[in-house]
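> Before I ask anything, let me first share the structure, which is written out below as structure tokens.
Taken together, the values in this text are just the output of simple stated rules run on the coordinates, not laboratory data. A quick note: this is a predicted structure, and the numbers were derived from the prediction, not measured. All Cβ positions, even for glycine, are placed from backbone atoms using ideal geometry, and neighbour counts span all protein chains on display.
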Amino acid sequence: MGKLDGKVAFITGAARGQGRSHALRLAEEGADIIAVDICAQIESVQYPMSTSADLDQTVSEVEKLGRRIVASQSDVRDYPALQKAFDEGTAALGPASIVVANAGIGAGGKGMDPDQEWEDVVAVNMSGVWNTGRVAIPSLLKHDNGGSIILTSSTGGLIGVGIPTAGFLGYTAAKHGVIGLMRSWANYLAPHMIRVNSVAPTAVRTPMAADGDLAAIMERNPALANSLTNAMPVDLVEPLDVSNAVLWLASDESRYVTGTVVPVDAGMLNKR
Ligand SMILES: NC(=O)c1ccc[n+]([C@@H]2O[C@H](COP(=O)([O-])OP(=O)(O)OC[C@H]3O[C@@H](n4cnc5c(N)ncnc54)[C@H](O)[C@@H]3O)[C@@H](O)[C@H]2O)c1
């Protein structure tokens with residue numbers, strides 16, 4: 001018996017990286033999946049973003065686990081498109097009671113117009129999370145059967161990293177904003193037995209971190225190394241480490257946990 005048998009999970013950014021890992025981990029525990037991803041490049045992002053082939057791979061891996069999945073290419077910045085993706089998913093699979101707002105982009109870095117870097121990272125990483133909640137929450141309330149919403153923040157959502165580019169400032173501001181959203185929704189939804197929490201990963205082994213320029217930034221700014229390195233001797237955690245935290249927050253094992261941030265940070269926050 002799985003920990004999520006009979007549940008449906010709505011996951012954004014599910015084509016690859018942590019989003020795919022969350023889809024597979026929750027499916028292993030019995031959940032059916034509504035997956036969305038932009039599968040396209042956003043110009044100010046310096047590493048290659050996902051493709052439709054990545055999303056196809058998530059679909060096939062979930063199906064291999066014997067679970068159902070409805071996947072669509074949608075942009076979390078596009079509220080009507082995201083609503084359509086959610087509605088089509090729930091029409092096919094049944095009401096969702098788990099929401100994982102995971103889609104996100106890294107902190108610019110292409111040396112583009114700073115306004116564009118700021119706009120893009122705040123639009124995806126904060127407004128996109130708001131859109132994810134607002135498409136799903138009315139349905140959770142209507143079905144009146146509780147639920148668990150998990151918003152992906154970052155260690156950068158709890159501390160100021162100190163890199164003064166528009167992209168990094170926007171990333172840090174957006175990830176702090178996600179925690180504000182989480183706390184507000186947690187209070188609003190607690191009477192309905194809907195829990196809302198965040199995960200705050202340190203750097204994770206995904207294309208975002210692997211192709212990002214964190215190492216180069218630390219080389220140029222040795223003073224930042226302390227705020228960017230973990231206490232435990234690992235540079236990166238694995239997507240599965242974050243997925244296990246997401247699974248715990250999604251499952252009834254955390255049934256009275258709401259309004260909190262779970263760091264998956266190899267001791268990074270405590271070390272500062
Ligand atoms: N990788 C890290 O070091 C790290 C650390 C802390 C937090 N995070 C956060 O974890 C989350 C997942 O990132 P990841 O590490 O798996 O990176 P990733 O780039 O591998 O995956 C992110 C996914 O989100 C999708 N996405 C981006 N913008 C989108 C949009 N507008 N609409 C729909 N989908 C969109 C991408 O296409 C991609 O498939 C992000 O919110 C990120 O900010 C990452």
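> Rounded, prolate or oblate: which one fits region 102-246, using the alpha carbon gyration tensor with axes a ≥ b ≥ c (rounded when a/c is under 1.5, else prolate when a/b beats b/c, else oblate)?
Numbers: a/c = 2.46, a/b = 1.69, b/c = 1.46.
Cα axes put region 102-246 in the prolate bin.
> Right, next: Once the piece of chain linking Met232 and Ser60 is laid out straight, how much longer is it, given 0.36 nm per residue of separation minus the C-alpha distance between them? Don't jump to the answer; show the numbers that get you there.
On the way: separation 172, 0.36 × 172 = 61.92 nm, distance 3.49 nm.
Length gained between Met232 and Ser60: 58.4 nm.
> Going by amide H atoms built from the backbone, whose H comes under 5 Å of the H on Val100, apart from near neighbours?
Those lying under 5 Å, H to H, from Val100 are Phe10, Ile11, Thr12, Ile150.
> Sticking with this structure for a sec: Relative to 2.2 N^0.38 Å, what does the C-alpha radius of gyration of the chain come to as a ratio? Two decimals please. Walk me through the numbers before you get to the answer.
On the way: Rg = 17.5 Å, N = 272, 2.2 N^0.38 = 18.5 Å.
Cα Rg divided by the expected 2.2 N^0.38 Å: 0.94.
> For region 8-271, with the dipole built from +1 on Lys and Arg beta-carbon atoms and -1 on Asp and Glu ones, taken about the Cα centre, which of Ile159, Asn125, Ile194 lies farthest toward the positive end?
After comparing all options, I get Ile194.
> What does the charge dipole of the chain about its Cα centre add up to, to the nearest 20 debye, if the Cβ of each Lys and Arg holds +1 and the Cβ of each Asp and Glu holds -1?
Numbers: 21 positive and 29 negative charges, 151 e Å.
Here the chain has a charge dipole of around 720 debye.
> ³J(HN,Hα) across region 263-272 via Karplus (A = 6.51, B = -1.76, C = 1.60, θ = phi - 60°), whole Hz, x for Gly/Pro?
x, 10, 10, 6, x, 4, 5, 5, 6, 4
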